[in-house]
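One structure below.
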Amino acid sequence: MTVVDTASAQVSGGFRRKSTFGLVLGLLAAAVVVSTWLAVSIGAVPVGLAECWGIVADRLFPGSVAVTWTPVQEQIVWDFRLPRALLALLVGAGLSVVGAVLQALVRNPLADPFLLGISSGASLGAVAVFVLGASTLGGLSLSAAAFGGALLGMVLVYVLAQRGGRLTPARLVLAGVALHFLFQAIYSYILQQAQSGRAAQQVLFWLLGSLGGARWEMLPIPAVVLGAGVTYLLIQHRPLNALAAGEDTATSLGVNVGAFRLQLFVLTSLLVGVMVATSGAIAFVGLMVPHAARLLVGADHRRVLPVSALLGAAFLQLVDIAARTVDAPQELALTIVTAVFGAPFFLWLLRRRA
């Protein structure tokens, strides 16, 4: 094969990869839109898709659409279901991106913010604010406390999982599980000491993942944090790829591994803390979605991160629909639904690694 033929083949292969990536992004973006409208339409009071679109369009551009819905339907769609669907989008995307980063950071396919105890640390910080009234800054203080707990969990699991200066997969999982139960015991004790038993039950339900309290004013903080975090990670996709290949490889490519790892610690803890503060600790999303993204577009984080975000957004919206409808009028905690898929997936990964 001549040099020209080789160059042509490389260009053709690159074009096919870009075309495939663009197609995957387009299909996932469409899936997010469809899942959002389904989440807004489906519920105890059904609202047609056309009415949902009309309500949103009329709110954004008053008088642009002929009114074919009732005031009750408008309140349900605009005040309750649409903020909930958008929050599911943000949380699903955030947890999926964190899972992809953690799996590269510790080079372990089992890495997940819930399994490693990071979500439990964030839950501990959130419970302290809920029950003890740690400050008067509202949602921002809740996010700050959850961030502090997530960062504590991240640091502890990293320290405990090291052996001879290196991370070992088995110690990482065991340290994460141990910290998960430790943090769970602490916040369970705090809840047990709470004055109101009903309030404690509500917090326990929320800790297993719930979007029932979603309101418009809750969306800006996770949206800003997620947008800034994903933007930074996309800019740093080359060092992230190098770190996923191993510390020695990353160092040989000029990556300051210590400083970069510290940045990722802080960023992933911030993302987990903010997501837990708004939705509770939802298991297995960060474990499953990055693996599915890599099956679709390969291991390059320039592609894995946006695909994980879109896939996680659509997935959690569908999970929330199931949580609201499977046992209606009762609402299931989101972790109950995600565990139906996540637990078998986790066992399959364990057998595959073995």
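Under 14 Å from G209 (Cα atoms), in contact with a helix residue (DSSP H, G or I) (Cβ under 8 Å, 6 or more places away or on another chain) and modelled with pLDDT of 95 or more - does that describe any residue in the range 95-110? Show your work before the answer.
To start, the set of residues in the range 95-110 that are under 14 Å from G209 (Cα atoms) comprises 95.
Adding the requirement that they be in contact with a helix residue (DSSP H, G or I) (Cβ under 8 Å, 6 or more places away or on another chain) leaves 95.
From what's left, modelled with pLDDT of 95 or more: 95.
Yes, the range 95-110 contains at least one residue that is under 14 Å from G209 (Cα atoms), in contact with a helix residue (DSSP H, G or I) (Cβ under 8 Å, 6 or more places away or on another chain) and modelled with pLDDT of 95 or more.
A single member of L318, L332, L305, L310 is more than 23 Å from F205 (Cα to Cα), open to solvent by 10 Å² or more (accessible area, probe 1.4 Å) and among the aliphatic types (A, V, I, L, M), and it is L310.
Residue check: is T278 assigned to a helix (DSSP H, G or I), open to solvent by 70 Å² or more (accessible area, probe 1.4 Å) and of a type outside the set (F, W, Y)? So T278 fails the test. Evaluation of A244 against the conditions (1) more than 21 Å from L110 (Cα to Cα); (2) open to solvent by less than 60 Å² (accessible area, probe 1.4 Å) shows that the sole unmet condition is (1).
Annotation: A66 fulfils all but one of (1) in a loop (DSSP other than H, G, I, E, B); (2) crowded, with 16+ Cβ neighbours inside 10 Å; (3) hydrophobic (A, V, I, L, M, F, W, C); the unmet one is (2). For G92, state whether it is within 26 Å of the chain's Cα centre (by Cα) and at pLDDT 90 or above. It is true that G92 is within 26 Å of the chain's Cα centre (by Cα) and at pLDDT 90 or above.
Taking the conditions exactly as written (crowded, with 24+ Cβ neighbours inside 10 Å and either part of a loop (DSSP other than H, G, I, E, B) or touching a residue at least 24 places away in the same chain (Cβ under 8 Å) (or both)), does G92 satisfy them or not?
Yes.
In the range 305-345, what residues are among the acidic types (D, E) and touching a helix residue (DSSP H, G or I) at 6+ places or on another chain (Cβ under 9 Å)? Selection gives D320, E331.
Can you confirm whether V337 is surrounded by 15 or more Cβ atoms within 10 Å (Cβ to Cβ), without any contact (Cβ under 8 Å) to a residue 24 or more places away in the chain and more than 20 Å from H180 (Cα to Cα)?
Judged against the criteria, V337 is not a match.
I'd like to verify a number: residues in the range 48-78 that are hydrophobic (A, V, I, L, M, F, W, C) and within 20 Å of W216 (Cα to Cα), how many?
Residues in the range 48-78 being hydrophobic (A, V, I, L, M, F, W, C) and within 20 Å of W216 (Cα to Cα): 11 in total.
The set of residues in the range 43-63 being part of a loop (DSSP other than H, G, I, E, B), of a type in the set (G, A, S) and surrounded by fewer than 17 Cβ atoms within 10 Å (Cβ to Cβ) consists of A44, G48, G63.
The values are calculated or read from the model by the stated rules, or taken from the named source; none is laboratory data. It should be emphasised that the depicted structure is a prediction, and the values quoted were computed from it without experimental measurement. Here the Cβ is made from the backbone with ideal geometry for all residues, glycine too, and neighbour counts use every protein chain on show. For accessibility, only protein heavy atoms count, side chains too; no ligands or nucleic acids. Shrake-Rupley method; radii C 1.70, N 1.55, O 1.52, S 1.80 Å.
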